[in-house]
Every structure is written in C-alpha cells, then in structure tokens.
Amino acid sequence: MKILEEKILAEGRVYPGNILKVDSFLNHQIDVGLLSVIGEAFYTKYKDRKITKILTIEASGIAIACAVADHFKVPVVFAKKAKSLNLGNDVYVSRVSSFTYGKEYDATVSRDYLTADDHVLIVDDFIAIGNAMKGLIEICDQAGAKIEGIGICIEKGFQQGGSDIRQMGYDVTSLAIIDEMTDTGEIIFREQ
C-alpha cells in the first residue's frame, strides 16, 4: 500500500535491534485518516468472507482493529496482556513472548466473546517474529473459531513471522513489507 509506505519513509525511524518506530502515526499518536484507509484495504480484501469478529492484541492493534471493524460492522475483541480481576477465570490463554518488549506474558480472551460460531479476521500493526500472531491463532483454536484471514499493517519481511504464518496455511495480507532496514536508517520495501 503506497500511502502507508510513503508515511513510513517520511515519519518512520529505524533504531538498533531492527526496531522501526512508527509511533507518530500508527501506534502512539494516530493518523485517523490513514487508519480509515487501512481499514478499507482490509475490508476490500476480506469482504467476501463471513467475518463476525475482528481480533487483535492490546494495545497497538486496537485502533487498527476498530478501523477495520467499522467497515465490517462487527465487534472488536482484543486479547489482554494482563489478567484483570474483572475478566474472571473463564478465558482462553496463550503464552506469548514479545519481541518488542523482551518478555513473556499471557494473552487472554473471555470465552464470552469468542466462540466456535465466529469467523475471525485477525489484525495487528506489526509482524516480526510472529509470536503475538501465533498466540492469537492458538486462542482461536481453543475457541474453535475459524480464522478467515490475517491483516498486518507492517511486516518485517527479513524476519520469519509472516513466512511462518503463511506456511501454517493462513491467508496473510501485509500492507507494507520491509525487506531491509539499514544501519543508516534506510528502509527498503518488497515489491508487491
């Protein structure tokens, strides 16, 4: 998606450790107009599927999921990273190792909000190693929900996450795939 690639080039910042900061428009401060375009792109791709829920993981995926859900007119469900007292014990749980934060956490979703009747579109801002996505897939498996597709805003194509998920048989749509980030801050996109 050209508009997203241009925004990444204009405002994204490369940091050591293959970190790409896009917090000025995607996951801290949010460009709502861009978010609407992103939501429409995922809707266009998956509108013929019987999507009943948009699933993501807190926190950065929530705004993106809301933009997508607005087009589908379905609810957003997000996996919580910390178990709260009001969530109860009737939850699906997947242990996830975070590349960005360098720690493990339990991703949880209430059994009230994800069932075997659901047709799910999973969305997130990034995929790198793919651990968060694998956790969301595991939660869908626990619920018996059907995964209709996976939408990623930015894929780090030089890391194995996107490739792993595709090899698992899932329909993954990444709007921008980065093949390389250099030490000088250059970002090289994959031709799509």
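No lab work stands behind these numbers, since they all come straight from the coordinates. Fair warning: this is a prediction, and the values are worked out from it, not measured in the lab. Backbone-built Cβ (ideal geometry, glycine too); neighbour counts: all protein chains shown.
Remarks
- Here's how it looks for Ile147: its modeled amide H is under 5 Å from those of Val120, which are all 5 or more places away or on a different chain.
- Within straight-line cross-link reach of Lys73, lysines at Cα separation under 17 Å, skipping those fewer than 8 residues along the same chain: Lys45, Lys47, Lys50, Lys53
- The chain: C-alpha pair distances exceeding 28 Å, %: 21 percent
- Sites Asp171 and Glu58 - FRET efficiency at Förster radius 30 Å, r taken between beta-carbons, to 0.05: 0.80
- Relative packing of 5-11, 142-148, 28-34, which averages over residues the other C-beta atoms within 10 Å, highest first: 142-148, 5-11, 28-34
- In sequence order, calculated HN-Hα J values of the range 107-115 (Karplus, 6.51, -1.76, 1.60; Hz; x Gly/Pro): 8, 10, 9, 5, 5, 5, 10, 8, 9
- GNM on the chain, alpha-carbon springs under 10 angstrom: the most fluctuating residue among Ile122, Ile54, Ile165 is Ile165.
- Taking amide H as placed 1.01 Å from N in the peptide plane, Phe126 has its amide H under 5 Å from the amide H of Cys153, Ile154, each at least 5 places away in sequence or on another chain.
- Normalised contact order of the range 2-189, rounded percent, pairs of Cα under 8 Å and 6 or more residues apart: 19 percent
- Within the range 2-189: Cβ-based charge dipole about Cα centre, in debye rounded to nearest 20 (Lys, Arg +1; Asp, Glu -1): 380 debye
- Residues with amide H under 5 Å from that of Ser174, placed H, sequence gap 5 or more: Ile152
- Options Leu34, Gln160, Ile51, ranked by Cα towards positive dipole end of the chain, top entry (Cβ charges): Ile51
- Only lysine pairs 8 or more places apart or on separate chains count here, and in the range 75-172 those with Cα atoms under 17 Å apart total 8.
- Which of Ile19, Ile187, Val93, positive extreme of dipole for the range 2-189 (C-beta unit charges): Val93
- Rounded to whole Hz, the Karplus (6.51, -1.76, 1.60) HN-Hα couplings of the range 155-166, x for glycine and proline: 10, 7, x, 7, 10, 8, x, x, 4, 4, 5, 5
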